[in-house]
1. Where does each of Tyr171, Tyr242 land when they are ordered by accessible area, with a 1.4 Å probe and the largest first?
2. How many nm is it between the label spots at Leu58 and Arg321, if each spot is 7 Å from the Cα in line with the beta carbon?
3. Kindly report, to the nearest 10 Å², the accessible surface of Ser231 as traced by a 1.4 Å probe over protein heavy atoms only.
4. Test of the criteria: in the range 182-276, which GluC sites (Glu not before Pro) are in a DSSP loop and have at most 10 other Cβ atoms within 10 angstrom of their Cβ?
5. For the pair Leu337/Glu281, report the inter-label distance in nm, with labels modelled 7 Å from Cα in the Cβ direction.
6. Please report the antiparallel percentage of the DSSP beta bridges confined to the chain, to the nearest 5.
7. Gaussian network model of the chain, Cα springs within a sub-10 Å range: biggest mean-square fluctuation belongs to which of Arg141, Arg81, Arg269?
8. Along the charge dipole of the chain, pointing to its positive end and built from +1/-1 on Cβ of Lys, Arg, Asp and Glu, which listed residue (Ile113, Val22, Pro103) has its Cα farthest out?
Amino acid sequence: MIQESEREALCVRVPLRETERVRRWLAERGLLLRGCSILREGRHALIPVSGEVEGYPLVIAKVRCRRNPGMLEVLEGVLDRQELELVRRSFDIVGDIAVVEVPEELEHRRREIAEALLRVNPHVRVVLRKLGAVEGELRLRRLEHLAGERRTWTVHREHGIRLWVDLAKVYFSPRLAYERRRVAEQVREGERVVDMFAGAGGFALLMARQADASVLAIDLNPHAVRCIRKSLSMNRLRGRVYPVLGDAATVTPERWASRVVMNLPMGSRAFLKTAFRAIRERGVVHYYTTAAEGEVTGRVDEALEAAQRAGVEAEPLLVRRVRSYAPGRAHYVIELLVRA
Ligand SMILES: C[S@@+](CC[C@H](N)C(=O)[O-])C[C@H]1O[C@@H](n2cnc3c(N)ncnc32)[C@H](O)[C@@H]1O
């Protein structure tokens, strides 16, 4: 299935006797152009690289590279032209599970599409299909098994953290990876954090890896708490994560936290007062919400009013569009600093 093709690539030119040492050095730094063969040129070797490397002469040379055929190439001859045009090329990868969308018109082809995806992505072991939207209090969606091993759990790696995730039982989106890192990088030594809607614990574990912090990871879903416990045993963290099963409205401690994360975009508005009651002076609330562009200022005002009702004064630090959610609507994060 794997094919070879010739292509021009940037290469470092090294004396033959140094080939193996330099190849290893490049590989350790992620600079080796994987899947491409090293070329011999007289007493020198040309090693294909993925970017500029200081300290070695660079040349451009034609090298042979392995090429995995794409999903559409595998499906040619199985699906007709019209069907091929309808195939969605993008999909989510969680651990070794691919989560795909199959349009209704391709319903009868869904298993062939999933098998093709398995063939061209050797690291994918399971293909699941989204059946509808994320819904309900626990933010779950129905999934259909299409190909590969029959399971919905996996271990997902994100920024060096291993997360145990069961996609049928707990909400998880790999698309929030950047946002989780952005927030985690703000956490400082000794902080006390409440993650009010922790899900599989993506924010919580990353924050405890970032600094020696105490993180309360609250979720209403017992499976979420189970996932977090499993992940805790798989990671070395500098801080501590305490999984808490319960309703954030009742179990969030008062005047305890230096930071509160409220990642329940569809429903977090109702918990703003709880969040501001949880926070201490100079603490930060990361408030996630859905809004149309014209509604964002109103959301900030609502949050400031909720702070007042909780008896604290707050000021907005940042408003960021996290991702689009529906036509004309998006998920936003509003970060608020509690002054006193
Ligand atoms: C959008 S998901 C959280 C995702 C998670 N922060 C992440 O980064 O993967 C929202 C979570 O809030 C939980 N939830 C909903 N209502 C809740 C409540 N009242 N108290 C605590 N957790 C709640 C759901 O079970 C779900 O796991």
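The values are calculated or read from the model by the stated rules, or taken from the named source; none is laboratory data. Everything numeric here is computed off the predicted structure, so don't read it as measured data. Positions of Cβ are generated from backbone atoms using ideal geometry, with glycine treated the same way; all protein chains shown enter the neighbour counts. These accessible areas exclude ligands, DNA and RNA; they are computed on the full protein's heavy atoms, side chains included. Shrake-Rupley method; radii C 1.70, N 1.55, O 1.52, S 1.80 Å.
1. Ranked from most to least accessible, the order is Tyr242, Tyr171.
2. It is 3.4 nm.
3. 0 Å²
4. Qualifying residues, ordered by number: Glu189.
5. Each label point is offset 7 Å from its Cα along the Cβ direction, giving 1.5 nm.
6. Restricted to the chain, the bridges split so that about 70 percent are antiparallel.
7. Highest fluctuation among the options: Arg81.
8. Val22
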